[in-house]
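In what follows, a structure is listed as structure tokens, so that the remarks can point back to it.
The values are calculated or read from the model by the stated rules, or taken from the named source; none is laboratory data. Model, not experiment: these values are computed from the prediction. We place every Cβ from the backbone using ideal geometry, glycine too, and count neighbours over all the protein chains shown.
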Amino acid sequence: MIKLIIYLIERKNRIFALILMNYLIAVLPDRLVAEEAYTALEKANIPQSQMSILGRGYKTADEFGLIDPGKQAKKRAIAMAYWLIPFGFAAGYGFDLITGLDTFSWAGTPGNHIVGGIAGAIGGAMGSFFVGGGVGLTVGSGDALPYRNFLDAGKYLVVVKGSEIFLTKSAGILRKFKPEMLQGYQQ
């Protein structure tokens, strides 16, 4: 009867974990410690399907799904360019139309409007590059960048995903291996 209740609780938590994915990430200094921690988690009946080792010889950050800040920044800059460049052109054209500036007399009135639009489009492109790319590079990566830096430094990550029960149990086990960092996340 007790096993049935525990099974139902675990089953309910798995369903809940599908809705809110919980992660526990431990940063360990080398491969041996990461393998020992993984083995200790296996002995504690944490399913292998809910654990991963990231590092040299194991899963990469991309295979696991850690966001690459460079790719995210490029994606965000391109997405912003789709609306900032045309808006910048329209704003530049409109500004020149309203003010009636004759900046380039050789271009004539319609040419000045078009040159103003092109200047506005260039401003929009710069905005998408600096704001979309720069902010995407610094802010859009969340905590993925520090973990990528740990992996680049030769460290290993042991990641456990699942319900709070598994994560609490796993945290106690992983603390014994003195990780450089042990952090839980909820998505």
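Among the residues of region 95-118, those that are in contact with a helix residue (DSSP H, G or I) (Cβ under 8 Å, 6 or more places away or on another chain), surrounded by fewer than 18 Cβ atoms within 10 Å (Cβ to Cβ) and assigned to a helix (DSSP H, G or I) comprise Phe95, Leu97, Ala107, Ile114, Val115, Ile118. Restricting attention to region 49-67, which residues are surrounded by 15 or more Cβ atoms within 10 Å (Cβ to Cβ) and in contact (Cβ under 8 Å) with a residue 24 or more places away in the chain? Gln50, Met51, Ser52, Ile53, Leu54, Gly55, Tyr58, Ala61, Phe64, Leu66, Ile67, listed by residue number.
Taking the options Ala121, Ala77, name whichever one is out of contact with any Pro (no Cβ under 9 Å at 6 or more places or on another chain), surrounded by 15 or more Cβ atoms within 10 Å (Cβ to Cβ), part of a helix (DSSP H, G or I) and aliphatic (A, V, I, L, M). Break it down stepwise before answering.
Details: Ala121 fails: out of contact with any Pro (no Cβ under 9 Å at 6 or more places or on another chain).
Criteria check complete, one pass: Ala77.
Whether a residue is in contact with a Gly (Cβ under 8 Å, 6 or more places away or on another chain), within 25 Å of Asp30 (Cβ to Cβ) and modelled with pLDDT of 80 or more was assessed, and Arg76 does not pass this test. Pairs are defined by a Cβ separation below 6 Å, a sequence spacing of at least 6 or placement on different chains, a first member in region 115-129 that is within 14 Å of Met80 (Cβ to Cβ), and a second member that is among the β-branched types (Val, Ile, Thr); the pairs so defined are Ala121/Ile85; Gly124/Ile85; Ala125/Ile85. Evaluating Lys71 against the criteria (1) surrounded by fewer than 16 Cβ atoms within 10 Å (Cβ to Cβ); (2) on the phi < 0 side of the Ramachandran plot; (3) at pLDDT 85 or above leaves one unmet condition, (3).
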